[in-house]
Amino acid sequence: MLDLVCVWQKRHLDMAKELKDLVEQQRASTQLGRTFMDMYEQKDCVTALPKAKKYLSMAMELARVLKANPPVDKVSPSSFVVELVDAYNNLGMLKMVVEEPDVACKLLQQGLALCEEEEVGQTDAARTRLHHNLGRLHLEQRQWDLAMKHILKDIEICQDLPHPQGEAKGLNNLGEVHFKCQRYMDALQCYHRALNIVQKLQDEDHLLSIVQANIEVVQQAMPKMKEFQEALKQHIGLQRKVEAAKGSVSERRLYQQEFKALQSLLAQAHELQAWEQVSIVASPYQLLLTFPCMAGPLVRRISSD
């Protein structure tokens, strides 16, 4: 399906070039870049990645040209500020996809800075897209305070617009922050708020299934967290016994017992993403030795539009 979409979007771009219509060239380049980025994410199509970068970069350059020299039928250069802001957002998303968080953050922050310089409305949809992606980026980097800041701003703008779908997506991301920080009741509250919104929307079955799945994940995690907390207490007690037994005949037996218990504890931490808590009993070396990938979250997040 995406292959066919690319064919028609490429034809759109070719026609815009034939007509020397920079506005349509910018629009078509953006669409092509986003489609190739989706192809790379969904199909893991390696050849789609350079094409996504090519067309999204082209869209940014065209947006700069149009902002500096708008067509005569446009009232002011500000008509193309949003297109340039969205270009920063799209390239930032691409860098997130290829796991270059520092570059992604810089591009997204440049988009926000442009919003301030050009006095883009505080409730403009371009701002919410930037805050949404910055929230996701900081969430992936486990920078909870920064993630909360941008996600809450995303939700606030969506409420003001109003944009219920965007609000639901923001609440889903906010729920994930709470989940990752083991604030399960707060996570459930966010997911249920998102669920109430999505249930009123049409043709949002995919979004609905994601929110429902996340609610189920949190409900399953709550009793497991209680078991984990109890195991953590027991392990701390076992560590004290090992320390006290140093040099004695029981030291080796207790050490082996501790190591076995630690493996079980790390497996629980891996499932619950409770790395901060388990780090008090396990060194970074032990964590990486047992789980070198420090695998991703259980809950599912949603990309911005």
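Normalised size of region 79-146, defined as Cα radius of gyration per 2.2 N^0.38 Å with N residues, equals 1.05.
Remark: Cys158, Cys115, Cys45 ranked as Cys45, Cys115, Cys158, counting other beta-carbon atoms within 10 Å and listing the fewest first. The alpha-carbon of Lys67 sits under 20 angstrom from the alpha-carbons of these aspartates and glutamates, leaving out residues fewer than 8 places away in its chain: Asp21, Glu24, Glu83, Asp86, Glu116, Glu117, Glu118, Glu119, Asp124. Partners of Lys43 within straight-line reach, counting lysines whose Cα lies under 22 Å from its Cα and excluding those fewer than 8 residues away in the same chain: Lys10, Lys51, Lys53, Lys54, Lys95.
What's log10 of I(q)/I(0) for region 34-139 at q = 0.19 Å⁻¹, Debye sum over Cα points only, no solvent? Reported log10 I(q)/I(0), two decimals: -0.95.
Here's the picture: charge each Lys and Arg Cβ at +1 and each Asp and Glu Cβ at -1 in the chain, and of Met1, Gln277, Leu174 the one pushed furthest to the positive end of that dipole is Gln277. The candidate values are [x] 25, 48, 24, 2, 0; [y] 27, 48, 19, 5, 0; [z] 32, 50, 13, 4, 1; the one derived from this structure for P(r) over Cα pairs in 20 Å bins from 0, in percent carries the label [y].
FYI, it's all coordinate maths here, none of it is from the lab. From a predicted model like this one, the values you see are computed outputs, not experimental measurements. Note that each Cβ is placed from the backbone with ideal geometry, even for glycine, and that neighbours are counted across all protein chains shown.
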